[in-house]
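Worksheet: one structure, shown below.
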Amino acid sequence: MSETLLDRRDAPAPSRPPRPEPPIGLLAELTHRCPLRCTYCSNPIELETRSAELDTETWKRVFTQAAELGVIHVHLSGGEPTARKDIVELTRHAAEVGLYTNLITSGVGVSEDQLDALVEAGCDHIQLSMQGADPEITVAVAGMKGAFERKQAFAEQVVRRGVPLTLNSVIHRQNIHQVPVMIEKAVEFGAKRIEIAHTQYYGWALKNRAQLMPAKADVDRTIEEVKEARERLKGTLVIDAVFPDYYARYPKLCNGGWGTRTLSVTPSGKVLPCHAAETLKHLDFWTVRDHGLADIWYESPAFEAYRGTGWMKEPCRSCERREVDFGGCRCQALALTGDPNATDPACIKSPHHERIGDLARTEASLSTDPGAVTYRNFGAA
Ligand code: SF4
Ligand code: FES
C-alpha cells in the first residue's frame, strides 16, 4: 500500500458540522391580504395571491410538525391574519399542539365576537401594530382613514379580556417625532410592552427608503428618549428597541442567525430562514407541500447556505465578532452590494460602509413630500 493511501486511511473522516439546534419560533404568514397600505411594509413586492394560500389542513399539519420539531412560539401573521376565515380554527390547533400563540394584527377589522372566539381558542398574546400616535399620522403612514380610532378600541377590548398586549411601532421619518407620545399611548392603552423598531429596508419599504430614512440627529434623540422612558416606566412597560442599521457601526444579528432560531412559512408554503429571504434568488426554498418541517430545517440547502461561519469571506472570516453577528444580514448585503455573500455594509469593516452612511444622510436630507411615498396596494393579493 502506498504511503499516500495509508495516510488517507489514517486520516480522520471529514467532520460534518454539528446538527443545528431546533428552532424556537415560527412566523406563520397566513396571508398577504391586508386592509392597511403601510408605506414601510416589509412584505415582498410580489405578493402571494389568495388562491395560492395553504389550506386549513396544511397549516394545521405545519403547526403539529413545528411543535414536534421543538418550536415554542408561533406568530400568526401576514398581511392581516384575521382576514383568514379559519383563523380561530388555526389558533385552536396551534394551542392544542402546545404552541404559544401570538397574533400579530392591525386590529382594524377584528370584531368583538371574533376576538372572543380567538381568546376562547387559546390565543396567548396579541401584538398590535401602531403606525402613529394620533389619527393624522396613522392615516399618513397606513393609508386608511379611521385606523387609529379602531386600533385604540381594539386595544381596550384586548386588555379588558386580560390578554397580554404588545404594541409594535415601526419608526421612520414620517413618525419619528412621535416616539415619546407612542410610549405614552402604550401605557394609556394598557399594553405590557412596546417595540420601537426602526424600519428595515426590505420589500416595499426599500421602494420608499428616500422618503422614510430618518436623520441621524433624530435617531440619536430617540435613543435618549427610549433610555429615559425605560427608566421612568420600569415595572409598568417593557420597551424593546431596534435602531437603524444604516447609521450603525456593526450590523445586527439578523433573526438570531440564519437557520439558528426561527423559520418563516409564506402564505403559499415556502419555508424561509428569514422573512425577506426570497430576495436571494440563487436559493431554492423548499415548501411544506413537498417536505416535512424537520426535513427542511435540517436538510434543505437554503437553510444550510448561511448557517454558521463556513460561508464567510474576509473581513468576516477572521473577525472576532463573526460568532456575534454572523456577518449581519444576508438580505441587506444583497440589496446594498449586489452580493449575498458580502459583509453586511452596516459593518464598519465593509468596503461599502461609508457609501451606505452617505446614502442615508443624503436621503434623510431630502424634503419630505407626502405625494412621493408609494402606498402598498393589496389589490393583487
Ligand atoms: Fe460582523 Fe463581519 Fe463586520 Fe466582523 S466583519 S463585525 S463578522 S459583519
Ligand atoms: Fe434575511 Fe436578514 S432579513 S438575513
**Request:** Report yes if GLN131 is under 25 Å from CYS254 (Cβ atoms), touching a residue at least 24 places away in the same chain (Cβ under 8 Å) and not in a strand (DSSP E or B), otherwise no.
**Result:** yes
**Fill in**
Scanning region 316-335 for residues that are more than 12 Å from ligand 2 (Cβ to nearest atom) and either buried (at least 21 other Cβ atoms within 10 Å of the Cβ) or closer than 23 Å to GLN200 by Cβ (or both) gives CYS316, CYS319, ARG321, ARG322, GLU323, VAL324
**Item:** Members of region 337-371 that are part of a helix (DSSP H, G or I) and open to solvent by 20 Å² or more (accessible area, probe 1.4 Å)
**Value:** THR337, HIS353, GLU354, ARG355, ASP358, LEU359, ARG361, THR362, GLU363, SER365, PRO370, GLY371
**Residue under evaluation ASP339, criteria (1) of a type in the set (Asp, Glu); (2) within 16 Å of ligand 2 (Cβ to nearest atom); (3) within 27 Å of ALA28 (Cβ to Cβ), criterion not met** = (3)
**Asked** Quick one: is PHE326 within 19 Å of the chain's Cα centre (by Cα), part of a loop (DSSP other than H, G, I, E, B) and within 16 Å of ligand 1 (Cβ to nearest atom)?
**Response** yes
**Request:** Select from region 292-315 the residues that are within 14 Å of PRO251 (Cβ to Cβ) and either at pLDDT below 95 or more than 12 Å from ligand 2 (Cβ to nearest atom) (or both) and list them in ascending order.
**Result:** MET312, PRO315
**Message:** Restricting to region 247-262, count the residues that are more than 17 Å from HIS275 (Cα to Cα) and away from ligand 1 (no atom under 13 Å from the Cβ).
**Reply:** 1
**Prompt:** Pairs, please: C-beta under 6 Å, at least 6 apart or cross-chain, first residue within 13 Å of ligand 2 (Cβ to nearest atom) and in region 272-291, second at pLDDT 95 or above and of a type in the set (Phe, Trp, Tyr)?
**Reply:** LEU272/PHE285; PRO273/TRP258; PRO273/PHE303
**Fill in**
For region 246-277, the count of residues that are closer than 19 Å to THR199 by Cα, aromatic (Phe, Trp, Tyr) and assigned to a loop (DSSP other than H, G, I, E, B) equals 1
**Fill in**
Selection over region 268-307 where residues are within 16 Å of ligand 1 (Cβ to nearest atom) and either open to solvent by 30 Å² or more (accessible area, probe 1.4 Å) or out of contact with any helix residue (DSSP H, G or I) (no Cβ under 7 Å at 6 or more places or on another chain) (or both) yields a count of 1
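The values are calculated or read from the model by the stated rules, or taken from the named source; none is laboratory data. All values derive from a computational prediction rather than experimental measurement. Ideal geometry is used to build each Cβ from the backbone, glycine not excepted, and the neighbour counts take in all protein chains shown. Ligands, DNA and RNA are stripped out before the accessible areas are found, and what is left, the full protein with its side chains, is counted by its heavy atoms. Shrake-Rupley method; radii C 1.70, N 1.55, O 1.52, S 1.80 Å.
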